[in-house]
Amino acid sequence: METIRLGQNGAEVTPLCIGTWAWGDKLFWNYGNNYGVEELENAFKAALDAGITFFDTAEVYGTGLSEKFLGEFLKQATKPVQIATKYAPLPWRVTGKAVKDALTASLHRLRVEQVDLYQVHWSFAFLMSQHTLMNALADEVECGRIRAVGVSNYTAEQMREAHQILARRGVPLAVNQVRYSLLSRQVESKGIIDTARELGVTILAYSPLAQGLLTGKYAANNGTIPTGARKADPRFKPEGLRKIEPVISLLRQIGDKYGRTPAQVALNWLICQGNVIPIAGVKTAQQVVQNAGALGWRLNNEEVTELELATRDWLN
């Protein structure tokens, strides 16, 4: 399988990442209701069987359970696995030591001595300056506990500032993790994608299927009722679903040519952007297998452009 380097000198990872927000999360994903640890373990095994070895987690996912589960599953891994996790810049974390302590706790839950990527979960750090935050992360790179530094949900300007602070320490900014899909293309219009290319920063795209809208599962007239957090999302209301019908139709049309699903085409479109790695959230082995169908083939340039033109309404 092809690989993509995180930033300028980070780890080589698979072009699709497995997202683990739902691993242990009861608030948004109802962990323990329709799925549990057995399903998650099977999903982890299915990912490795499919050749996908890159996993993204965070200390706040399931209040630490996501990292803990991933650490338990890693013991069974028969091949090298690349782990990305995130630091939460909470209001009471005001010193560089807070970064060190949070990383120590994450490493303990993950049962590893180093993570391949450590990301700042959101851009607003309250009373901690970006200078303090980025230098604390650079310290951990020098200590060998972080291989690469990333940020998440940073604007183009914030990304540039973080890049400059880290560069003074000889540490490249490797990643900016942002919401990005055919139905969430604001990162293009706001200059984040162009700035990332300029700085040599890899984009990790979360919610690459727009919370399931791009799977084709939801339609205004098919009777599928959104559950959980989707209930309150206006995009899942009949008028929102009718708006995306032409996009889903085009995804099906293109997918039929390759024997692929709308979701697999949507993920492949992101991969075709270059230097973009979709993070596909999973709860079951079946979902892993479905997402893995986005790999091993490529849309042609005309199809990439056709999808881009069909989703221009979602640039802003």
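Relative to the longest principal axis of the Cα atoms of the chain, helix 130-143 runs at roughly 80 degrees.
Under 20 Å from a label point set 7 Å out along the Cα-to-Cβ vector of E38, the amide N atoms of segment 272-288 belong to 282-288. Sort segment 7-49 into rounded, prolate or oblate with this rule: let a ≥ b ≥ c be the square roots of the eigenvalues of the Cα gyration tensor; rounded if a/c is under 1.5, and if a/c is not under 1.5, prolate when a/b is larger than b/c, oblate otherwise. Oblate.
List the pairs from K217/K283; K100/K283; K45/K257; K26/K97; K257/K283; K26/K86 whose alpha-carbon separation is above 21 Å, in the order I gave them.
With Cα atoms farther than 21 Å apart: K100/K283; K45/K257; K26/K97; K257/K283.
Ignoring aspartates and glutamates fewer than eight residues from K68 along the same chain, the ones with Cα atoms less than 20 angstrom from its Cα are D25, E38, E39, E41, D56, E59, D101, E113, D116.
Diagonalising the gyration tensor over the Cα atoms of segment 51-132 and scaling each eigenvalue by 5 before taking the square root yields semi-axes of 25, 12, 11 Å, largest first.
For R111, project a label point 7 Å along Cα to C-beta. Then give me every residue of segment 55-83 with its amide nitrogen under 16 Å of that point. So the set is 65-83.
Checking every one of the trypsin sites (Lys or Arg not before Pro) in segment 1-95 against DSSP loop status and a limit of 16 other Cβ atoms within 10 Å picks out K26, K75. Within segment 265-316, the chymotrypsin sites (Phe, Trp or Tyr not before Pro) that combine a DSSP coil assignment with at most 15 other C-beta atoms in a 10 angstrom radius are W297.
Measuring with a 1.4 Å probe in the full set of protein chains, what accessible area per residue, in whole Å², belongs to the chain?
44 Å²
All other residues whose Cβ lies under 13 angstrom from that of G10 are scored, Lys and Arg at +1 and Asp and Glu at -1, for a net of 0. For the chain, the fraction of 1.4 Å probe accessible surface lying on carbon and sulfur atoms is 50 percent. Full extension of the chain between K243 and V289 gives 13.7 nm of extra length, using 0.36 nm per residue less the Cα-Cα distance.
Kindly provide the chymotrypsin sites (Phe, Trp or Tyr not before Pro) of segment 1-108 that DSSP labels as loop, not H, G, I, E or B, and whose Cβ sees at most 13 other Cβ atoms within 10 Å.
On the way: sites: W21, W23, F28, W29, Y31, Y35, F44, F54, F55, Y61, F69, F73, Y87, W92; in loops: W21, W23, F28, W29, Y31, Y35, W92.
Here the sparse-neighbourhood loop sites are F28, W92.
The values are calculated or read from the model by the stated rules, or taken from the named source; none is laboratory data. What you are looking at is a predicted structure, and each value in this text was computed from that prediction instead of being measured. All Cβ positions, glycine included, derive from the backbone under ideal geometry; neighbour counts span all protein chains shown. The accessibility values were calculated without ligands, DNA or RNA, using every heavy atom of the protein model including side chains. Shrake-Rupley method; radii C 1.70, N 1.55, O 1.52, S 1.80 Å.
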